[in-house]
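Enquirer: Below: one structure in structure tokens.
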Amino acid sequence: MDGLSSDSRGIERNVPRGQRPVSHVRKLLFSAATVAAVLLLLEAGARVVSPGAQNQRFRQINQIVMFLGTQPSDLMLDFDSERFWKLKPNITINDPDNTFWQGTVSNAQGFRCSDFDLKKTPGTLRIVCFGDSSTFGIGARMEDTWPAQLQQLLADGIATGSSTSVDTRDVRRVEVINAGVPGYTSHQGVQHMRQKLDDLDPDIVMASYANNDFWHWDDQTDAQHAARLNCDGDLRSMLMHSRIMQLMDDLCSRVQSPPAPETVATASPNQHWAEAATVNYFAPNDKWTRRVPLDSFRDNVNRMADMCEQRSLPLILVKWPDQPQAAGNWSPRIAYQNVLEEVAAERALQIADVVRLFQENRGWSVGTYVPNDIVHVNRDGNSLAAIAAREAIELARSQSKLMTN
């Protein structure tokens, strides 16, 4: 039997039993569910098509690593939302044809040194070396890097009682942690230090940056890339987790200020961009943007100094030469080294002056650079850097004693 129903004018009409008019609320919910399903499908499709704006710097470093090394090399890095990338733990590369990556890349904690306990044992002097690939030691085995050789120099001094770098009455052992990561700028160094400084509990901090800060990769700085990763709680930041929104944002930015085609790193295996970016390391193209402009570099070094000062930790800045500078020629890195000198003078910080030692031993030290490379050095070159680091530690500790006496 049919039931009765009234239309909008109040007129009764027959309605088959079991059927009722669909309410406006249900229609609205059905429409919302349909829209949500479509958006989810679009988002899934966008994630298949695009690797994501937040992975841009990560994709770039992987392309450069693969361009400079061999296929296994890109397996040593993980994406990091604050530092762009970080070392994977427990990585070893044994490839005789790989010039840059050899032996132990990282320990269980993701540092290029032997495993250690986060909690220091009594009588341990712990030095943490933050830095880029010159600290990491591209082209050298782990035991040949300057942090590893610095540890051996200091340990030998303690064993013989001849060390002036440490007080042998209070220190029985030395740990030097190599926290260098290939490709890092001072921007990444600040984030690395902020993440790890308290956990590592160092007695002395060393920082070596500048080699990558002036490097030109695309039309944006590291800070601009980082801004797209930060989620400060506002609506736009939350929406930017969507791959569709990332693609739309990238499209809008390109329409407003389109970059030169050669400055865009793609996810394809084509190494054209990586080759062009590598050339930029030797002869920067001013049409591309420095990863960290000079003023930002100064700010970053001061931020590192602030973090150490707040914890009453000595900070030693490492000044690293490229091969032309070691030979007495001009280098684009000199402007950044001048900033290091200025910040050190303003804040009474010590500098491990690797440049000076290399230039004093010019004829020999220039030959310590890895073939076809202008920044990374072999064991002998790392030995000079370790000596410069030890000298700076001696000065820093003597200055500290003077200030406390």
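Enquirer: Here are some pairs, 88/196; 287/319; 88/287; which of them have Cα atoms lying more than 22 Å apart in this structure? Provide the component values of the computation, followed by the final result.
Expert: On the way: 88/196 15 Å; 287/319 27 Å; 88/287 33 Å.
Over 22 Å apart, Cα to Cα: 287/319; 88/287.
Enquirer: Once fully extended, how much extra length lies between residue 44 and residue 223, figured as 0.36 nm per residue of separation less the alpha-carbon to alpha-carbon distance?
Expert: Details: separation 179, 0.36 × 179 = 64.44 nm, distance 2.84 nm.
Length gained, residue 44 through residue 223: 61.6 nm.
Enquirer: Once each part is reduced to its C-alpha centroid, what is the distance from segment 61-134 to segment 357-380 in angstrom?
Expert: Value for the Cα centre distance between the two parts: 22 Å.
Enquirer: Just subtract the alpha-carbon distance of residue 159 and residue 329 from 0.36 nm times their residue separation and send over the number in nm, one decimal.
Expert: Working: separation 170, 0.36 × 170 = 61.20 nm, distance 4.04 nm.
Here the segment from residue 159 to residue 329 would lengthen by 57.2 nm.
Enquirer: Still on this structure: Sorted from fewest to most neighbouring beta carbons within 10 Å, what does the list 364, 85 look like?
Expert: Details: 364 12, 85 23.
Neighbour counts put them in this order, fewest first: 364, 85.
Enquirer: According to the Kirkwood expression over distinct Cα-Cα pairs, how big is the hydrodynamic radius of segment 116-221, in Å? Present the calculation step by step, with values, prior to reporting the outcome.
Expert: Numbers: mean 1/r = 0.0672 Å⁻¹.
After inverting the pairwise mean of 1/r, the radius is 14.9 Å.
Enquirer: Taking neighbour counts of Cβ atoms within 10 Å as a proxy for exposure, in what order, fewest first, do 319, 119 appear?
Expert: Details: 319 23, 119 8.
Ascending Cβ contact count within 10 Å gives the list 119, 319.
Enquirer: Could you list 216, 24, 272 so that the one with the fewest beta carbons within 10 Å of its beta carbon is first and the one with the most is last? Walk me through the numbers on the way to the answer.
Expert: On the way: 216 19, 24 8, 272 14.
Starting with the residue having the fewest Cβ neighbours, the order is 24, 272, 216.
Coordinate-derived values only; no laboratory data. No experiment lies behind these values; they were computed from the predicted model shown. So basically every Cβ, Gly included, is an ideal-geometry build from the backbone, and we count neighbours across all protein chains shown.
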